[in-house]
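Everything below concerns the one structure shown next.
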């Protein structure tokens, strides 16, 4: 292989640019976290991992009130306890580099830099998966939208791991596209946590792989799962029971809204029945679409995954508005079809749509209007996804194909 100095120079410049961006983000994030309390999700993981790495204790124990103070402010140290660490033990190894940072504020700032790069990766993976190449100005606006819309910013502020989980899932779909089925299974195994948000999406891909006879997806998933569980048992054989206890404790103390809590608050007499009916209709819709996706090509699976992500809040489980960061990909899928298939009208309609979503969700977030995140936005996304369904699940036709059809 010949030495290519231009390639080396390009690589060095790219690394310097990335380092400069990371440094600027770290400086901005550190100034932010020193002034604004937050990061509850991150501090749970940081303190639990730090206890495991420094003291050898399991991360599922109750955390110190001082950590709650960092998350909520000193006045709330005792009144608002943090949830417990409720992830599988092997995931502590993801957080060990951040847990080694002794200063919690610096650790949170570094974690935010990591999530900000993950957000960019989420947008980039989505563009690659849906094969959309908008113009540079449009691309820049969409990137800006992706990293500044309310669910993404709220996830960054809290330090939620859902952004990282979404990148793993999209990476799994991208690996399917390249026939790297073992990689798909491995990424799904790594993303197999926070099942309230991502469980259905992972089950969908495993179901599709089963019906498509892509056995290597299952092979990669089972192999990596067994390796991760074995690694956890190697470090501590007793972790499953405390892990389950932490899951149950967090579930019992869950304050996330759901369709049941919303309808029950609005109509105490029939609210629960209405929520049950909505959950049943949503489940039937997903069952029919999952059946339709059996053995189909990847673009059909991508659309079905988008529908599943959009419909998950309607199934009645407690759902955090932070998890709507997963809906960025379905939204971009809709915008891409409007832009590519419907000409100038579609492009301007897409601009109007994402501006409405951007400002509407920010207004709902600032007003604490949970119904917008749990009901209105999912209904909007389901309507839009069915609106573009025909275009989304079928490959675009070439001029040669249409001319050939006319000649028959």
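The values are calculated or read from the model by the stated rules, or taken from the named source; none is laboratory data. Because the structure is predicted, anything quoted here is derived from the model rather than measured. Here the Cβ positions follow ideal geometry from the backbone for every residue, glycine too, while neighbour counts run over all protein chains shown.
Being in contact with a helix residue (DSSP H, G or I) (Cβ under 6 Å, 6 or more places away or on another chain), modelled with pLDDT under 90, in a loop (DSSP other than H, G, I, E, B) and over 17 Å from residue 371 (Cα atoms) narrows it down to one of 295, 346, 269, so name that one.
Details: 346 fails: in a loop (DSSP other than H, G, I, E, B); 269 fails: in contact with a helix residue (DSSP H, G or I) (Cβ under 6 Å, 6 or more places away or on another chain).
Matching residue, one of 295, 346, 269: 295.
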Qualifying residue in segment 219-241 (condition: surrounded by fewer than 22 Cβ atoms within 10 Å (Cβ to Cβ), touching a helix residue (DSSP H, G or I) at 6+ places or on another chain (Cβ under 9 Å) and under 24 Å from residue 307 (Cα atoms)): no
Criterion: in a helix (DSSP H, G or I), more than 25 Å from the chain's Cα centre (by Cα) and under 27 Å from residue 182 (Cβ atoms) - qualifying residue of 234, 210, 226: 234
Residue 279 vs. criteria surrounded by 12 or more Cβ atoms within 10 Å (Cβ to Cβ) and modelled with pLDDT of 95 or more: yes
Only one of 351, 372, 334 that is over 20 Å from residue 129 (Cβ atoms) and at pLDDT 90 or above: 372
Residues that are surrounded by 14 or more Cβ atoms within 10 Å (Cβ to Cβ), over 23 Å from the mean Cα position of the chain (by Cα), over 17 Å from residue 41 (Cα atoms) and in contact (Cβ under 8 Å) with a residue 60 or more places away in the chain, drawn from segment 242-274: 242, 262
Residue within segment 121-136 that is in contact (Cβ under 8 Å) with a residue 40 or more places away in the chain, surrounded by fewer than 19 Cβ atoms within 10 Å (Cβ to Cβ) and under 21 Å from residue 24 (Cα atoms) present: yes
Residue count, segment 84-119 (criterion: within 24 Å of residue 34 (Cβ to Cβ) and part of a loop (DSSP other than H, G, I, E, B)): 4
